[in-house]
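These notes are about the structure you will find just below.
The values are calculated or read from the model by the stated rules, or taken from the named source; none is laboratory data. All of these numbers come straight from a predicted model, not from anything done at the bench. Virtual Cβ from ideal backbone geometry, glycine too; neighbours counted across all protein chains shown. Side chains included, ligands, DNA and RNA excluded: accessible areas come from the protein's heavy atoms. Shrake-Rupley method; radii C 1.70, N 1.55, O 1.52, S 1.80 Å.
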Amino acid sequence: MNARLNPVTQLEIDQRVFDLYDEYCHGRIDRREFLARSAALLVGGLAMAQALLPRYAQAQTISFTDTRIKASYVTYPSPGGNSGTMRGYLVQPSVQGPRPAVLVIHENRGLNPYIEDVARRAAVEGFVALAPDGLFPAGGYPGNDDDGRNLQSNLDQAKLRTDMLNSARFLKSHKLANGKLGVTGFCWGGGTTNYLAVAMGADLHAAVPFYGAAAETASVPKIKAPILAQLAGNDERINSMYPAFEAALKENKINYQIHSYPGTQHGFHNNSTPRYDEKAAKLSWDRTIAFFKKNLA
């Protein structure tokens with residue numbers, strides 16, 4: 001992976017611009033306000049802000065034509081979801097036979113090229129992977145994150161979670177899968193990973209949330225799957241949720257690990273912007289794959 005995707009690198013970006021980008025990514029300010037406030041903040045702030053916008057073409061690590069995998073888009077029923085039907089990106093290893101399965105859940109903007117690439121990365125490691133597009137009921141990922149974020153925020157959020165739950169069940173019972181299911185997700189998808197750990201109980205066998213909102217402590221006793229939480233060092237909003245979550249995991253004797261990566265930003269695994277941290281992204285992904293191989297064997 002190329003750590004220098006833009007002329008401005010992570011080390012050259014002021015933390016205050018990173019903080020504004022976090023507000024923008026989570027829909028608290030729009031793109032225009034993000035750029036304007038960054039420009040007013042300091043000299044070079046606009047260039048820093050522009051450098052943080054994603055460059056998906058440069059971020060691909062596994063080609064969709066890679067001979068080690070087969071990829072296709074599939075539709076499946078989603079009763080109780082936003083439209084009753086879902087669509088996802090299904091990637092299988094080229095080797096024959098049922099495989100352990102991994103659901104890959106996108107951020108708060110739909111199934112963008114980065115998440116599709118993560119699904120391909122999982123398939124290369126021997127898993128059958130499904131990356132559902134929560135925006136399918138609204139016409140699908142629109143090709144840019146700004147419109148995707150707006151579309152996702154306007155969906156019924158409870159039904160959107162139901163769409164993800166139905167996606168997990170669809171994948172678990174797929175003819176290509178062997179019945180062992182893991183889930184990973186990023187940002188909104190990380191919080192949804194924790195939600196699925198609660199909702200699925202013993203039907204889920206491993207969960208790896210990346211910088212996602214913690215599950216409510218009252219619901220933690222429902223979790224049966226081992227948890228591997230990946231946190232960014234500079235992510236106060238998310239990290240503040242984890243002491244209580246960890247205490248509940250301990251109290252309920254749930255197998256868990258929590259790794260925090262010092263000096264990293266929320267979104268450090270996403271290699272399409274300078275928030276990407278190559279060392280932390282590689283280590284966290286290696287840990288994720290090892291965790292899935294151990295618990296989905």
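List of remarks:
- Proximal lysines relative to Lys159, as straight alpha-carbon distance under 23 Å, when same-chain residues fewer than 8 apart are discounted: Lys172, Lys222
- Ranked by the mean number of other Cβ atoms within 10 Å of their residues, highest first, the peptides 156-167, 175-186 come out as 175-186, 156-167.
- Whole-number percent relative contact order across segment 145-297, with pairs defined as alpha carbons under 8 Å at least 6 apart: 18 percent
- Karplus (6.51, -1.76, 1.60) ³J(HN,Hα), θ = phi - 60°, over segment 226-234, in Hz, Gly and Pro reported as x: x, 10, 10, 9, 10, 10, 7, x, 9
- Taking the 1.4 Å solvent-accessible surface of the chain as the whole, the part contributed by carbon and sulfur is 51%.
- Of the cross-linked pairs Lys180/Lys250; Lys175/Lys279; Lys70/Lys253; Lys175/Lys250, those separated by over 31 Å at the C-alpha level are Lys175/Lys279; Lys70/Lys253; Lys175/Lys250.
- By a 1.4 Å probe calculation restricted to protein chains, Tyr141 has an accessible surface near 50 Å², given to the nearest 10.
- Gly185 long-range amide H proximity, modeled H, under 5 Å: Ile105, Val208, Phe210
- Phi-derived couplings, Karplus 6.51 cos²θ - 1.76 cosθ + 1.60 at θ = phi - 60°, listed residue by residue for segment 85-95: 9, 10, 10, x, 9, 9, 10, 10, x, 6, 5 Hz, with x used for Gly and Pro.
- Computed with a 1.4 Å probe over protein heavy atoms only, the accessible area of Arg287 comes to about 80 Å².
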